[in-house]
Each structure stands twice: as structure tokens, then as C-alpha cells.
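> For reference, the structure I am asking about is given below.
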Amino acid sequence: MPTLKFVLQDGSEVHTELLDESVTVGRLEENLIQLPDASVSSRHAVLMLVEGGYVLRDLGSTNGTEVNGVRLQVGEDRGLAHGDRLVLGSVSALYTEGADAGDGSGGTALPDAEMEVASVGASSERPSNFSNASPFQARTQKRDVGAVAVMAFGVLALLAGAWVIFLVFGMEVSL
């Protein structure tokens, strides 16, 4: 029975036997394998049963998917073999097949979870805004000079018309 053993950043493990023809992996509960890790996308990857073996496909994840240290391109299918080491975002996994896959008494050891240590900066300054914190570029609109000129002319025309109406009603009619 094919299995996946995931090692999360906090050191906890998720052990899953692959039983379905299509197994989605991601951070959301709607996935068959849910990995509660911020580096894993909502719908990160899918495992598909093809000719008796599983194939892994990245679904456009933000932090990517690797098999044995080789990063998958979005939509690329990679056949899995016993002992393959997977990385989804920063979550490590081991793919195993056969009798020793689920008993935990042999086979290949789990990959080491690589932990990056964050260091405190020498100095820090409060940002004036958080526009640089967004992964999305800000939408900027360019001003159309012609449209601005037409609007300005229209406003002036309305003011002139109002002035003429004021003068006309202010006139005394003498008969």
C-alpha cells in the first residue's frame, strides 16, 4: 500500500495511506490530505493513480513542489517511486510502497526537516505604509491629460453659464 509520511515544521508527522485514484494535498480542509502549514498552498498538489503507480502534479503552488531535490514545473507530472523524498512548500515527505510502507519498521528514514533560523535585524524602522508587504503589485492608474482638460473646460463652461443666468435675472426690465 503506497503511503506518504509528512514532517511538519513543528516536528509533528502526518502519515497517510493512499487509497483513492486522485488525492489532493493542501492547507484547506477540502483536500484529502490537509497540511496545516503556512508554506503549503490552499490547493498545493495532486497525486493521481496512473497504471498502478502514483504521479505527482503541482497545482500552481506559491512555494513550489520538489521530488528528490528537483522542483516541479506547474502542471508537470512526475511518477513516484519507493523512497522518493518530496517537499511541498517547506514540508518534507517520504513516499513508500509495498509491505514496509505502513508499518514504520524499516524502509527509508524520513527526510530531515530543514529549519531556517530567523535573526533579528541590526536596526529596524517603522514603515510609512505596508505597500511593500503585499505579494501583489499595486494597481496604479495613469491620468488621461485629455480627459482632465475636457473636465476643466466643462466646469468653466458651467460657471460661465451660471454667471450669465445670474446677470440676466439681475437685470431690471424697464418698459
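The values are calculated or read from the model by the stated rules, or taken from the named source; none is laboratory data. Small disclaimer: the values here were computed from a predicted structure and weren't measured. FYI the Cβ positions are ideal-geometry reconstructions off the backbone, even for glycines, and counts take in every protein chain you see. When the accessible area is computed, the model is the full protein with side chains, heavy atoms only, and any ligands, DNA or RNA have been set aside. Shrake-Rupley method; radii C 1.70, N 1.55, O 1.52, S 1.80 Å.
> Suppose we keep only residues that are more than 19 Å from Lys5 (Cβ to Cβ) and surrounded by fewer than 15 Cβ atoms within 10 Å (Cβ to Cβ) within the range 66-78. Which one would you say is nearest to the chain's Cα centre (by Cα)? Before the answer, list the steps.
Looking only at the range 66-78, we keep the residues that are more than 19 Å from Lys5 (Cβ to Cβ), and these are 70-77.
Remaining after also requiring surrounded by fewer than 15 Cβ atoms within 10 Å (Cβ to Cβ): 70-71, 73-77.
On the way: Val70: 20, Arg71: 16, Gln73: 15, Val74: 13, Gly75: 15, Glu76: 18, Asp77: 20 Å.
Per the criteria, the residue is Val74.
> So if I check each of Leu28, Leu47, which one is assigned to a strand (DSSP E or B) and at pLDDT 90 or above?
Leu47 is the lone residue from the list that is assigned to a strand (DSSP E or B) and at pLDDT 90 or above.
> Here's something else I'd like to know. Evaluate the range 58-68: report whether one residue or more is part of a loop (DSSP other than H, G, I, E, B) and at pLDDT below 55.
The answer is no; no qualifying residue exists.
> Going through Gly83, Gly102 one at a time, which residue ends up being part of a loop (DSSP other than H, G, I, E, B), modelled with pLDDT under 60, within 16 Å of Pro2 (Cβ to Cβ) and open to solvent by less than 50 Å² (accessible area, probe 1.4 Å)?
Values: Gly83 fails: modelled with pLDDT under 60.
Being part of a loop (DSSP other than H, G, I, E, B), modelled with pLDDT under 60, within 16 Å of Pro2 (Cβ to Cβ) and open to solvent by less than 50 Å² (accessible area, probe 1.4 Å) holds for just one of Gly83, Gly102, which is Gly102.
> Answer with yes or no whether Gln73 is more than 14 Å from Val91 (Cβ to Cβ) and assigned to a loop (DSSP other than H, G, I, E, B).
Yes, satisfied.
> All but one of (1) loosely packed, with under 12 Cβ neighbours inside 10 Å; (2) within 18 Å of the chain's Cα centre (by Cα); (3) hydrophobic (A, V, I, L, M, F, W, C) hold for Met1; state the number of the condition that does not hold.
Met1 satisfies every listed condition except (2).
> When the range 32-65 is examined, which residues are found to be open to solvent by less than 60 Å² (accessible area, probe 1.4 Å) and of a type in the set (Asp, Glu)?
Of everything in the range 32-65, those that are open to solvent by less than 60 Å² (accessible area, probe 1.4 Å) and of a type in the set (Asp, Glu) turn out to be Asp37, Asp58.
> Tell me, yes or no, whether the range 116-133 has at least one residue that is under 25 Å from Asp20 (Cβ atoms) and either open to solvent by 80 Å² or more (accessible area, probe 1.4 Å) or at pLDDT 85 or above (or both).
In the first step, residues of the range 116-133 are kept if they are under 25 Å from Asp20 (Cβ atoms); the result is none.
No, there is no match, as no residue in the range 116-133 is under 25 Å from Asp20 (Cβ atoms) and either open to solvent by 80 Å² or more (accessible area, probe 1.4 Å) or at pLDDT 85 or above (or both).
> Yes or no: Val46 in contact with a Lys or Arg (Cβ under 8 Å, 6 or more places away or on another chain) and over 14 Å from Phe6 (Cα atoms)?
For Val46, the condition - in contact with a Lys or Arg (Cβ under 8 Å, 6 or more places away or on another chain) and over 14 Å from Phe6 (Cα atoms) - is met.
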